[in-house]
1. Rounded to the nearest 20 debye, what is the charge dipole size of the chain about its Cα centre when +1 sits on each Lys and Arg Cβ and -1 on each Asp and Glu Cβ?
2. In terms of Cα to Cα distance under 24 Å, which lysines are near enough to K159, apart from those fewer than 8 places away along the same chain?
3. Just to be sure I follow the definition: excluding the sites themselves, where is the longest run in the chain that has none of the GluC sites (Glu not before Pro) in a DSSP loop with at most 14 other Cβ atoms within 10 Å?
4. Roughly speaking, what is the stretch gain from R60 to R35, that is 0.36 nm per residue apart minus the C-alpha to C-alpha distance, in nm to one decimal?
5. Roughly what would the spin-label model give for D145 and L21, points 7 Å off Cα along C-beta, in nm?
6. So what is the 222 nm mean residue ellipticity for the chain from helices alone, if each DSSP H run of at least 4 adds -39500 (n - 2.57) and you divide by all residues, rounding to the nearest 500 deg cm²/dmol?
7. Starting with the fewest neighbours, write out I12, I3, I148 ranked by other beta-carbon atoms found within 10 Å of each beta-carbon.
8. Using DSSP to define loop residues, name the trypsin sites (Lys or Arg not before Pro) in region 42-125 whose beta-carbon has at most 15 other beta-carbon atoms within 10 Å.
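Please treat every number below as a calculation from the coordinates, not as lab data. Just so we're clear, the structure is a prediction, and the values are computed from it rather than from any experiment. Every residue, glycine as well, gets a Cβ built from its backbone with ideal geometry; the counts of neighbours run over all protein chains shown.
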Amino acid sequence: MTIFKAFLSLLIIALLVVMALFVDFTYKTFSAAPRLVQSDAIVVLAGGRGRIEEGVRLFREGKGNELFLVGVDPLVRKSDLYRPAAGDPPYERVILEKTSRNTLENAIFARDILVQHNVRSILLITSRYHLKRAAILFRHALPRDVAIYPYPVDSINVKERWWQHEGSFKLLFSEFYKYCLFRIFFLLAPGELRPVKL
């Protein structure tokens, strides 16, 4: 009986810790504010509504010298996503990455392209609920001297009153779970995604 009580107590403590961490995760998710800074490049993780449009808008406003659209569908052409008007940055400064299919691959394939272009600072654009996981992956994939400025895009898939919306809760908890797995992974293997120095 004593062992059962001890196990039950540990289980309750573990659940309380997970709950506290999850609430902290959601608070930071919704309190994250866009940072309008000048950067070498704007990096947009394609796949969520409004991400590419926001990236193109900021690129046109001169917030980045280059625009990298990462995880784009292979059938999509650059002209489908960016058509410069008079005074806009040139077409050649928009680079499409079409190989990656998930956030981990986004970070790895984007890393290789950004290193080739000698980028030293990025504005990282993705959906608000996805921002913390994307940011931790890019921070551990890119060279340490590259500055990363996370930029959230609001999504209709997540309601701010997430506790009243089952779909929002499931999506946020899924992101929280994946984020925690990557946090643990990087504690054990902190340099695993860094570019290999030859």
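1. Numbers: 28 positive and 19 negative charges, 63 e Å.
It works out to roughly 300 debye.
2. Here the lysines satisfying the reach criterion relative to K159 are K28, K132, K170, K178.
3. On the way: sites that count: E61, E160, E192.
It works out to 62-159.
4. Details: separation 25, 0.36 × 25 = 9.00 nm, distance 1.63 nm.
Using 0.36 nm per residue and subtracting the Cα-Cα distance, I get 7.4 nm.
5. About 3.4 nm separates the two model spin labels.
6. Details: 6 runs with 92 residues, N = 198.
For the chain, the value works out to -15500 deg cm²/dmol.
7. Working: I12 10, I3 7, I148 17.
Neighbour counts put them in this order, fewest first: I3, I12, I148.
8. On the way: sites: R49, R51, R57, R60, K63, R77, K78, R93, K98, R101, R111, R120; in loops: R49, K63, R77, K98, R101, R120.
Sites meeting the loop and neighbour criteria: R49, R77, K98, R101, R120.
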